[in-house]
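We did not get these values from a lab; they are worked out from the coordinates using the rules stated. On a predicted model such as this, the values are computed, not experimentally measured, just so you know. With ideal geometry, Cβ positions are generated from the backbone for all residues, glycine too; neighbour counts draw on all protein chains shown.
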Amino acid sequence: MRLCVCLMLLSFILCANADIFESAKFAKDAVGGAWDMLRAYLDMREANYKGADKYFHARGNSDAAQRGPGGAWAARVISDAREKWQSDVSGRGEEDTRADQEANEWGRNGGDPNRYRPAGLPSKY
């Protein structure tokens, strides 16, 4: 009987620890994914290269999603918020928002960001 109780308590502890570790990994990946998105945005601003917008969208989402579910979640939340703000406030248009979201999803789903890379963009990016 004691052995059964001890095994049951041990299994509860192990399950609780697994959930804590999973949650911590998700959070760590989400923070890393947010950093990947910020790095892609800063690179886009630095490059200031006409036609490179979609490439940086795809690259940021791709880098974030490669971290795991937390990174993909952060990329989706940041991308959706940015596109909502852009369509509501900046007035850049529904077509541009749709194209940005296509590039975002392409990157998040494992697509090669170079699909959107414009000719002549410096290799630094």
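Can you work out the FRET efficiency for the pair residue 80 and residue 112, with r the C-beta to C-beta distance and R0 = 25 Å, to the nearest 0.05?
0.65
For residue 124 and residue 24, what is the calculated FRET efficiency with R₀ set at 41 Å and r taken between the beta-carbons, to the nearest 0.05?
0.75
To the nearest Å, what is the center-to-center distance of the stretch 81-119 and the stretch 32-47, using C-alpha atoms only?
Their Cα centres are 14 Å away from one another.
Show me, for the stretch 75-81, the HN-Hα J-couplings you get by feeding each phi into the Karplus relation (A = 6.51, B = -1.76, C = 1.60, θ = phi - 60°), rounded to Hz, glycine and proline as x.
Ordered by residue, 3J(HN,Hα) equals 4, 5, 4, 5, 5, 5, 5 Hz.
Among all the lysines, which ones have a C-alpha under 27 Å from residue 84's C-alpha, if same-chain residues fewer than 8 places away are not counted?
Partners found: 28, 50, 54.
What do you get for trypsin sites (Lys or Arg not before Pro) in the stretch 27-125 restricted to DSSP loop and a cutoff of at most 15 other Cβ within 10 Å of the site's Cβ?
Loop-located and lightly packed - 50, 92, 124.
With θ set to phi - 60°, apply the Karplus curve 6.51 cos²θ - 1.76 cosθ + 1.60 along the stretch 39-50 and write out the HN-Hα couplings as whole Hz, x wherever there is a Gly or Pro.
Going residue by residue, I get 4, 5, 5, 5, 5, 4, 5, 5, 5, 6, 10, 4 Hz, with x marking Gly and Pro.
Viscosity 0.890 mPa s, temperature 25 °C: give me the Stokes-Einstein translational D for the stretch 27-116 in µm²/s, with Rh taken as the Kirkwood radius over C-alpha pairs. Could you put the intermediate results ahead of the total?
Values: Rh = 12.6 Å.
Roughly 194 µm²/s, to the nearest whole number.
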